[in-house]
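Read the figures in this text as sums done on the coordinates, not as results from a lab. The structure presented is a predicted model; accordingly, all values stated were derived computationally and were not measured. With ideal geometry, Cβ positions are generated from the backbone for all residues, glycine too; neighbour counts draw on all protein chains shown.
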Amino acid sequence: MKAELRKYLNTAKSKRKEYNKFFRKLKQRPPKDLDRRFHALHEEAFEEIDCLDCANCCKTTSPIFYDKDVERMAAHFKMKPADFFDQYLKIDEDGDQVLQSSPCPFLLEDNKCMAYSARPKACREYPHTNRKRMHQILDLTAKNTRVCPAVAKMVDQMIN
Ligand code: SF4
Ligand code: SF4
């Protein structure tokens, strides 16, 4: 990961208490324009940040694989869905289908995804900061300040 991206994660780590307090307040009383604020900061962050300089999500966390994702990925690799599951996936403590290991086995050395056109929905939508009803995923967003430099940057801008 480029140094300037690591800097955003380090800031999130050093300001953890401040961020926790901010998210607690947001959850108690989410502002009406929360979506608009996140969406504007999301656009700004991804104008600056190129995911190919990072790939930290693919390196450290697993997307959830819904059945449709398993079918599409298995077809991409010309495998049967059950064989794809056995080779790459497991059921986690929440009952979700997730990768057996990280970094993701489909991540290439240049940070590209070898299954990009067939990648799971969760990969397409990560880090979820341009979705509607952001107030419903504030715990996830707080967690993502420790994974995704773009989310760390958005939250830091929102606080300051
Ligand atoms: S979504 Fe976030 S964590 Fe994933 S590659 Fe892009 S900047 Fe990095
Ligand atoms: S499937 Fe592709 S986009 Fe999704 S975690 Fe793996 S490498 Fe990243």
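So here's what we get for this one:
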| item | result |
| --- | --- |
| Qualifying residue in the range 60-68 (condition: near ligand 1 (Cβ under 10 Å from one of its atoms), under 30 Å from Arg36 (Cβ atoms) and either charged (D, E, K, R) or outside any loop (DSSP other than H, G, I, E, B) (or both)) | yes |
| Residue list for the range 1-28, filter: within 16 Å of ligand 2 (Cβ to nearest atom) and farther than 16 Å from Cys54 by Cα | none |
| Flag if Val155 is within 16 Å of ligand 2 (Cβ to nearest atom) and either touching a Gly at 6+ places or on another chain (Cβ under 8 Å) or closer than 28 Å to Ala45 by Cβ (or both) | no |
| Residue that is surrounded by 15 or more Cβ atoms within 10 Å (Cβ to Cβ) and over 27 Å from Ala152 (Cβ atoms), where the choices are Phe85, Phe106 | Phe85 |
| Checking Leu52 against (1) among the hydrophobic types (A, V, I, L, M, F, W, C); (2) without any contact (Cβ under 8 Å) to a residue 12 or more places away in the chain; (3) within 16 Å of ligand 1 (Cβ to nearest atom), the condition it does not meet | (2) |
| Contacts under 9 angstrom Cβ, first residue in the range 84-103 being under 15 Å from Thr60 (Cα atoms), partner loosely packed, with under 12 Cβ neighbours inside 10 Å, 6 or more apart | Val98/Ile91 |
| Among residues of the range 109-139, those that are away from ligand 1 (no atom under 13 Å from the Cβ) and of a type in the set (A, V, I, L, M, F, W, C), counted | 6 |
